[in-house]
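Step one of this worksheet: look at the structure below.
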Amino acid sequence: MPAFLDRIRAQGLMQEAGIDALILLSAEAFRHATGAAAGVATMWREAGAVAVLVPADASVPEMAVASDLFAPAFRAASHIADLRESPIWVEALEASDFDPDLPAAPQIAARRADAPGPAQRPATFDPGICYAHLRDALVERGLAQGRIGVEMAAISAADLPALKAALPDVGLIDATSICRRLRAIKAPGEIDRLRQAVTLAEQGIRSIQEAIRTGVSRDELAAVWSDTIRMHAAGLALTGAWEYISVGRNPWGGNAVASPGDLIKVDVGCLIDGYTSDTGRTFVLGKPSRAASEIHAALMAGFEAGFRRLSPGTPLSEVHRAAGEAIRARGFDSYARGHFGHSLGTGPGSEEWPFIAADATEMVTPGMVLAFECPWYITGLGGFIIEDQVEITADGPVSMNSLPHELI
């Protein structure tokens, strides 16, 4: 996967914040900036397994720290030439010319001639080694006493003292907002992956719709989803799929079996190269009840009102206000939802910043890909959701979905 971090935009954001460089620590930010996998040492979500140093001056090259195990794959995948390795617990050896018909020990020893004896490997990884590489790279780039932005959301209070100790002369600034803003605007390659993911997901939703019948269980519909995704994934870099399917009057009701009048809520996504789609539709087995029809109509009103405001320059808080007011105007005065959607990307979950929320300060911006949704989960009636994956263009919002929104 190519790197998608925009150095020119990063330069502008860092200059605006008055910082000299950016240190990225999360696995997602690492991949976004380098185009390479972060590796197994990031599984604990602890800082110091990997890092990327991005100078504010876009003409100054980046530096990355990755595990020795993943270093060959990094060099093959990334444009970043300055890679510094950190040992992890895995014992591995590059020996492409190894002769399986000769004794093993002498061949291993010959390849370890520069480091005889057992290597000292950490139980998992040593963040101090990563931070020392960052210190050295800052010195080499004349930034040993600079103002350095750190992806603070990716480092715990327990881990932060070690980073501060390794960089005693550096002014560490919380640059989480910069990291988020860089990833919120998608490059064409990212948009392409998200489009592939949602197109595949809609094939799964259609198969679910066709499988709905009296007596079908939630788990059977989930199996239809999984089977369809596998069937149509040929040629795609599918890295995962997820589903939140509910059947019947309890949106959280486990493996319920469908009866006439039941709602089937389908909230699903596919991952292409780590980029997740997110789409939601609501179906009904047979004729919907009056209450279900009224609630779905209210959610449709909210969806339409919010979608119209997904135009560049509109505050995300205004989109939230419009959607909520339209739903409440249908007689549901108590309806309250914290957000009506979110960005999409490669995060550990399906939801990324920014959120379409009442307190959002971000504007709708070309290049964003947002999951815009109007859900309601009513135990005793069922789950409802209307959700599209929306690309924000200079001319306004464009849905990546083709499925109808109605209560089918």
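Give the Kirkwood hydrodynamic radius (Å, one decimal) of the range 188-235, defined as one over the mean of 1/r across all pairs of different Cα atoms. Intermediate values should be presented prior to the final figure.
Values: mean 1/r = 0.0865 Å⁻¹.
Result for the range 188-235, one decimal place: 11.6 Å.
Per the 1.4 Å probe, what fraction of the accessible area of the chain, in percent, lies on carbon and sulfur atoms? Mind showing how you got there, number by number?
Numbers: 9540 of 17740 Å².
The C+S portion of the solvent-accessible surface of the chain is 54 percent.
Give the longest segment of the chain that steers clear of GluC sites (Glu not before Pro) in DSSP loops with at most 10 neighbouring Cβ atoms within 10 Å, not counting the sites themselves.
On the way: sites that count: Glu91, Glu94.
By the stated rule (loop sites, at most 10 other Cβ atoms within 10 Å), 95-408.
Among the lysines, which fall within straight-line cross-link reach of Lys265, defined as a Cα-Cα distance under 20 Å, with same-chain neighbours fewer than 8 residues apart omitted?
Lys287
Leaving out ligands and nucleic acids, and using a 1.4 Å probe, what accessible area per residue does the chain come to in Å²? Could the numbers behind the result be given before it?
Working: 17740 Å² over 408 residues.
So the chain comes to 43 Å² accessible per residue, rounded to a whole number.
Run the simple label-point estimate for Ala211 and Glu304 please: 7 Å along Cα→C-beta, distance reported in nm.
3.3
Need one number: nm distance between label points at Asp219 and Ala336, each 7 Å from Cα along Cα→Cβ, rounded to one decimal.
Going from the Asp219 label point to the Ala336 one covers 3.8 nm.
Projected area of the range 150-262, taken from the Cα convex hull and averaged over every viewing direction, in nm²? Provide the component values of the computation, followed by the final result.
On the way: hull surface 45.5 nm².
Across all orientations, the range 150-262 yields a mean hull projection of 11.4 nm².
How much of Asp68 can a 1.4 Å solvent probe reach, expressed as accessible area in Å² and rounded to 10?
Accessible area, nearest 10 Å²: 40 Å².
Is the shape of the range 211-311 rounded, prolate or oblate, going by the alpha carbon gyration tensor and its root eigenvalues a ≥ b ≥ c, with a/c under 1.5 for rounded and a/b larger than b/c for prolate? Don't skip to the answer; put the middle values down first.
Values: a/c = 2.64, a/b = 1.18, b/c = 2.24.
Here the range 211-311 falls in the oblate category.
Let me see the P(r) profile for the range 1-55: every Cα-Cα distance counted, bins of 5 Å, each bin given as a percent of all pairs.
Over the range 1-55, the share of Cα pairs per 5 Å bin runs 4, 20, 27, 22, 15, 9, 2 percent.
At a temperature of 10 °C and a viscosity of 1.306 mPa s, determine how fast the range 1-156 diffuses translationally according to Stokes-Einstein, using the Kirkwood radius over alpha-carbon pairs as Rh; express D in µm²/s, rounded to the nearest whole number. Write down the numbers at each step before the final one.
Numbers: Rh = 16.8 Å.
For these conditions, the coefficient is 94 µm²/s.
From the gyration tensor of the Cα coordinates in the range 48-99, what semi-axes in whole Å does the equivalent ellipsoid have, largest first, with each one equal to sqrt(5λ)?
Details: eigenvalues 135, 37, 7 Å².
They are 26, 14, 6 Å, listed largest first.
Name the chymotrypsin sites (Phe, Trp or Tyr not before Pro) in the range 223-282 that are in a loop by DSSP and that have at most 15 other C-beta atoms within 10 Å, would you?
Loop-located and lightly packed - Trp252.
Note the angle between two axes, namely the Cα long axis of helix 188-211 and the longest principal axis of the Cα atoms of the chain, as a number of degrees from 0 to 90, rounded to the nearest 10.
Value to nearest ten degrees: 40.
To one decimal place, what orientation-averaged projected area in nm² is obtained for the convex hull of the Cα set of the range 78-182? Please report the intermediate quantities before stating the final value.
Values: hull surface 39.1 nm².
Mean projected area of the Cα convex hull: 9.8 nm².
If I build a Gaussian network model for the chain, linking alpha-carbon pairs within less than 10 angstrom, which residue out of Gly341, Gly261, Gly324 has the largest mean-square fluctuation?
Gly261
Diagonalise the Cα gyration tensor of the range 275-402 and give the resulting equivalent ellipsoid semi-axes, square root of 5 times each eigenvalue, largest first, whole Å.
Numbers: eigenvalues 121, 53, 34 Å².
Sorted largest first and rounded, they come to 25, 16, 13 Å.
Using each residue's phi in the range 348-363, evaluate 6.51 cos²θ - 1.76 cosθ + 1.60 at θ = phi - 60° and report the 3J(HN,Hα) Karplus result to the nearest Hz, with x for Gly and Pro.
Per-residue couplings from phi come out as x, x, 8, 10, 10, 5, x, 9, 7, 10, 5, 9, 5, 9, 7, 8 Hz.
In square nanometres and to one decimal, what's the mean projected area of the convex hull around the Cα atoms of the chain?
For the chain, the mean projected area of the Cα convex hull comes to 24.0 nm².
Jot down the per residue volume, in cubic angstrom and as a whole number, of the convex hull over the alpha-carbon atoms of the range 125-216. Present the calculation step by step, with values, prior to reporting the outcome.
Working: hull volume 17.7 nm³, N = 92.
Considering the Cα atoms of the range 125-216, their hull volume per residue is 192 Å³.
Place +1 on the Cβ of every Lys and Arg and -1 on the Cβ of every Asp and Glu in the range 253-408, take the dipole about the Cα centre, and give the residue among Thr279, Ala298, Pro348 whose Cα lies farthest towards its positive end.
Looking along the dipole axis, the top candidate is Ala298.
To the nearest 20 debye, what is the magnitude of the charge dipole of the chain about its Cα centre, counting +1 on the Cβ of each Lys and Arg and -1 on the Cβ of each Asp and Glu?
Numbers: 34 positive and 50 negative charges, 192 e Å.
The calculated dipole for the chain is roughly 920 debye.
The values are calculated or read from the model by the stated rules, or taken from the named source; none is laboratory data. The model shown is predicted, which means the values in this text are computed figures rather than measured ones. Cβ coordinates were reconstructed from backbone atoms using ideal geometry, including for glycine residues, and neighbour counts include every protein chain displayed. Just so you know, the surface numbers come from the protein's heavy atoms only, side chains and all, with ligands and any DNA or RNA stripped out. Shrake-Rupley method; radii C 1.70, N 1.55, O 1.52, S 1.80 Å.
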